[in-house]
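Heads up: the structure comes next, in structure tokens.
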Amino acid sequence: MSEMATKEKDQRRQIIETAERLFREIGFQKTTVADIARELRMSPANVYRFFGAKSEINEAVGKQLMEEVEAAIALIASGPGPASERLRALIKTNEAMNADRFIGDRKLHDMVEVALNEQWPIVEQHIERIASCIARIIADGMASGEFAPGDPVLATRLVHTACMRFCHPRLMVECADDPEPTIDQMVDFCLAALRAKG
């Protein structure tokens with residue numbers, strides 16, 4: 001990568017990080033491109049060299065937050081250990097990271113609500129990446145005999161749907177006061193289903 005390309009990549013990263021901080025402080029809808037530029041001591045025109053519109057910055061911030069979750073999940077999916085342990089770790093890590101990013105911080109949660117309501121492409125891509133990690137673990141479990149033979153694609157959809165309230169930011173908020181099922185109870189239920197002989 002050339003020095004110029006590296007410098008541009010660094011500036012783009014700084015814009016995204018600054019935008020994320022401002023989104024957390026004042027909210028993503030109240031944050032303007034001028035606010036981001038002022039924080040970085042650059043002109044709004046310079047910010048627009050990297051992002052054609054504020055909506056592109058919004059998506060870039062969301063994408064970065066989701067990619068952090070995806071990276072942690074991918075490590076678990078490809079890691080060592082029994083499939084059942086990896087599946088539990090994946091679901092619990094996904095829940096914990098989403099809670100940290102999108103639930104504990106109301107202003108970021110507002111951005112996620114808009115992303116879900118407006119069906120930003122990054123949301124669908126994120127769901128697909130998480131599902132592919134779940135599918136990898138389930139396929140491993142079926143191949144090793146830890147899980148009963150079956151259709152790993154269907155099993156992935158079933159597990160992902162069963163655990164939705166523990167990873168979907170809106171459902172996490174709506175179900176926060178419901179004591180049961182706990183995440184461990186739901187994972188136990190899914191693992192029992194995966195192990196059951198047809």
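Laboratory data are not the source of any read-out in this text; all were calculated from the coordinates shown. Small disclaimer: the values here were computed from a predicted structure and weren't measured. All Cβ positions, even for glycine, are placed from backbone atoms using ideal geometry, and neighbour counts span all protein chains on display.
Values as computed for the structure displayed
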read-out	value
Dipole magnitude (debye, nearest 20) for segment 59-195, charges at Cβ of Lys, Arg, Asp, Glu	280 debye
Eligible lysines near Lys107 by straight Cα distance, threshold 29 Å, same-chain separation 8 or greater	Lys9, Lys30, Lys54, Lys63, Lys92
Under 15 Å, Cβ to Cβ, from Lys197 - net charge with Lys/Arg +1 and Asp/Glu -1	-1
Residue exposure sequence - Glu3, Glu25 - by fewest surrounding Cβ within 10 Å	Glu3, Glu25
Rg/Rh for the chain, where both radii come from Cα atoms and Rh is the Kirkwood radius	1.06
P(r), alpha carbons of segment 1-52 - 10 Å bins starting at zero, rounded %	26, 53, 18, 3
